Amino acid sequence: MNSVGSLDFPQSFTEKDENTSIPQEYDVVVLGSGEGTKSIAWTLGKQGKRVAVIERKYIGGSCPNIACLPSKNIIHSAKVASYFRRSEEFGITKDNFKIDMQAVRRRKRLMVDGLVDVHLANFKASGAELIIGSARFTGPKTLEIALHNGGIRIVRGEKVIIGVGTHARIDHIPGLPESDPLTHVEALELDHIPKHLLVLGGGYVGLELAQAMRRFGSQVTVIERNGLLAHREDEDVSQALHELCRDEGIELVMSCHVLSVEGKSRQSVKLRVVQGESERILEGTHILAATGRTPNTEGIGLELAGVELTERGYIKVNERLKTTAPDVYAVGDCAGSPQFTHIGYDDFRVVRENLAGHHRVTTGRQVPFCMFTDPELARVGMSEKEAKEKGIAYRLAKIPMAADLRTRTLSETRGFMKALVSKEHDRILGFTAFGVGAGEIMATVQIAMVAQLPYMAVRDAVLTHPTLAEGLVPLFSAVPPQ
Ligand SMILES: Cc1cc2nc3c(=O)[nH]c(=O)nc-3n(C[C@H](O)[C@H](O)[C@H](O)COP(=O)(O)OP(=O)(O)OC[C@H]3O[C@@H](n4cnc5c(N)ncnc54)[C@H](O)[C@@H]3O)c2cc1C
C-alpha cells in the first residue's frame, strides 16, 4: 500500500543504489511525477527512449495524492452529509446520523492507493524508470538523488524536464508557523471534525474545504483579505458566493488582516486581526492555511544548472516552456503556468510537440477553471469585468439555474448561467456558471468555443431532456439579436 504518510514503495523502484559519482546517462531525465512530467515520461518511455523520473514522495504528483482528487473525494462525502441533513425534503425520514471522519478518510485513502497503483502500472508499462528520492542539480542537466531507501545516485539527461510543483504557503505572521496550522495536506487527513475551523484565505482551496468541514459539522470562519470572495470574478458571482456561505452558516470575515496568532492548531487558537479601523480577536480550535502557493524551486541547485527564476521564484520559461538552460524545459505550477492539473497536462503537449521538432506554445490557450464548492463555479473565456476592461463589445445572456429544468428534479436550483457573445460576430467570448454540474455544462460550451462555432450552433442543437446541458438552449436563446 502507498497511502500518503506511510511511504512503502515497491523495492524494484529504488533498488539501483550504485553509490557512484559517474552520472548515469539517460535520453530524458524528468524531475517530479506530476501531471505534465509523468505524461512526458510515459510518452517518451513508450517511444523507446531511456527515461528516468525522480519523485520524492507523491507518485503521480499532488493531484491524485493530496490535492484535486482527494479534495473532491472528501467534498463528496460532505455532500452526502448535506443530503442526510436535507433528507426529509426528498421524502426520506431518518432518526439520526453520525459522521465518522475515520471512515471518510478511509474512503479517500482507498481511492488514493488505487490511483497510486494505476500510476505504478503505467510507469512499468511505459518503460520509464521511476526513482524514488529527492533530487538537486549539481551541474547542467545533472542531478544528484538522495534515494528514499538510502544512498545516492547521479543521473544526467540529454534533455531535462522540471516539474517540481508548489506547496502551501505559510504567511510570515507572528505566531502562525508556531501554531502548526493545517494545510490542505493535513486537512484531507483529519480523523476528527474540527470544533471551530479558522480558514485563512477565501480562494478555492479555502472555500472548498470550508464548506466541506461545515457540512461535516464544524463551525467555520473564513478570513479573507479582500472585500469580496472571488474578487476577480463578476460582481454577481461574488455576491452568489457570499449568499452561499451565509446559507451554509459559514462566517465570513472580509477585508481582514491577521496581525498575530496565539496557541496551537488542533487545540485552541486566537487570531488578532484588523478589519477596517478596528482590531478584534477570532478564536477557534484549528487553523487552515490556504492563502497561496510557493514554488518548490528553492535549494535544488537550479543556479548550478543555468535555470533562472522569476522574482516570485517560479522557473523562467518562454512560450514553448524552454528554460534559460539549453535542453531544459519546465512544466506545471513551478513554471508559472496557471495552477490547474489540466494546464499541467497541456504543458506536456507543448513540450512533447517541441521535443518532436514541432511548434506549440502556451500563449493564447483556453484556461477554464472550476471551483468545486456545492454548487460549483465554472468559467471559461471572458468575464463581463474582463470584457469591459478590454473594451470588447458583447451581448449578454443570463438565466437562473432554475430555468434549467433538470435542476428542479434535483432540488438544486441555486445559481445562474451567463454567456458573453461578441457584438461583431456570433462567437462565444465567455461562459460562467454557478450551479449544479457547472463544470460539466461548461465543457459543452468550451467545445463550441474551440471550434469557433456561432452561438446559434448550441442554441439550435437538440440536447437531451432533462439534462443539465439542455439548459444551454434557453441560455443561448436569450442572447439579444445583433
Ligand atoms: C487542495 C487543492 C485542490 C486542488 N484542486 C484542483 C482541481 O480540482 N482541479 C485542478 O485542475 N487543479 C487543482 N489543484 C491544483 C493542482 O493540484 C496543481 O495545479 C497540480 O497538481 C500541479 O501539478 P504539477 O505537476 O505542477 O506539480 P505536482 O503535482 O505538485 O508535482 C510535483 C512533484 O514533484 C515532486 N518533487 C518536488 N521537488 C522534488 C525534488 N527536489 N526531488 C524529487 N521530487 C520532487 C513532488 O513530490 C511532486 O510529486 C488543487 C490544488 C490544491 C492544493
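Here, each number is a calculation from the coordinates, and none is a lab measurement. Please read all numbers here as calculations on a predicted model, not as lab measurements. Glycine gets a Cβ as well: all are built from the backbone with ideal geometry, and neighbour counts include every protein chain shown.
When MET101, MET111 are arranged by Cβ crowding within 10 Å, least crowded first, meaning fewest neighbours, the order is MET111, MET101. Remark: ILE162, ILE447, ILE154 ranked as ILE447, ILE154, ILE162, counting other beta-carbon atoms within 10 Å and listing the fewest first.
Calculate, in nm to one decimal, what GLU178 and GLU303 gain on full extension: separation in residues at 0.36 nm each, minus their alpha carbon distance. List each step's numbers first, then the result.
Values: separation 125, 0.36 × 125 = 45.00 nm, distance 3.11 nm.
Extending this stretch completely gives an extra 41.9 nm.
What separates the Cα centres of the stretch 239-272 and the stretch 189-232 is a distance of 7 Å.
How would the stretch 177-291 be classified by its alpha-carbon gyration tensor: rounded, prolate or oblate, with rounded meaning a/c under 1.5 and the a/b versus b/c comparison settling the rest? Because a/c hits 1.5 or more and a/b fails to exceed b/c, the stretch 177-291 counts as oblate. The lysines whose alpha-carbon is closer than 24 Å to the alpha-carbon of LYS264, local same-chain residues fewer than 8 away aside, are LYS195.
A simple spin-label model places the labels of VAL462 and ASP327 5.8 nm from each other, with each point 7 Å out along Cα-to-Cβ.
Taking R0 as 41 Å, what FRET efficiency do you get between SER21 and VAL361 from their Cβ-Cβ distance, rounded to the nearest 0.05?
On the way: r = 39 Å, r/R0 = 0.95.
So, using R0 = 41 Å, E works out to roughly 0.60.
The distance linking the stretch 411-427 with the stretch 277-349 is 33 Å (Cα centroid to Cα centroid, whole angstrom). Computed over the chain, the per-residue total of -39500 (n - 2.57) for DSSP H runs of n ≥ 4 gives a 222 nm mean residue ellipticity of -9000 deg cm²/dmol, rounded to 500.
Computed from the C-alpha gyration tensor, the three semi-axes of the ellipsoid equivalent to the stretch 375-477 are 22, 15, 11 Å, from longest to shortest. For the stretch 81-148, the convex hull spanned by the alpha carbon atoms encloses 172 Å³ per residue.
Using DSSP to define loop residues, name the GluC sites (Glu not before Pro) in the stretch 186-271 whose beta-carbon has at most 13 other beta-carbon atoms within 10 Å. List each step's numbers first, then the result.
On the way: sites: GLU186, GLU189, GLU208, GLU224, GLU233, GLU235, GLU243, GLU248, GLU251, GLU262; in loops: GLU189, GLU224, GLU233.
Taking the stretch 186-271 and a limit of 13 other Cβ atoms within 10 Å, no loop GluC sites (Glu not before Pro) are found.
Using the Kirkwood radius built from alpha carbon pairs, what does the Stokes-Einstein equation give as D for the chain at 10 °C and 1.306 mPa s, in µm² per second? List each step's numbers first, then the result.
Working: Rh = 24.4 Å.
My calculation gives 65 µm²/s for D.
Annotation: lysines with alpha-carbon distance below 27 angstrom to LYS124 (same-chain offsets under eight excluded): LYS16, LYS38, LYS46, LYS49, LYS57, LYS108, LYS141, LYS159.
Volume per residue of the convex hull around the Cα atoms, evaluated for the stretch 238-302, comes out as 165 Å³.
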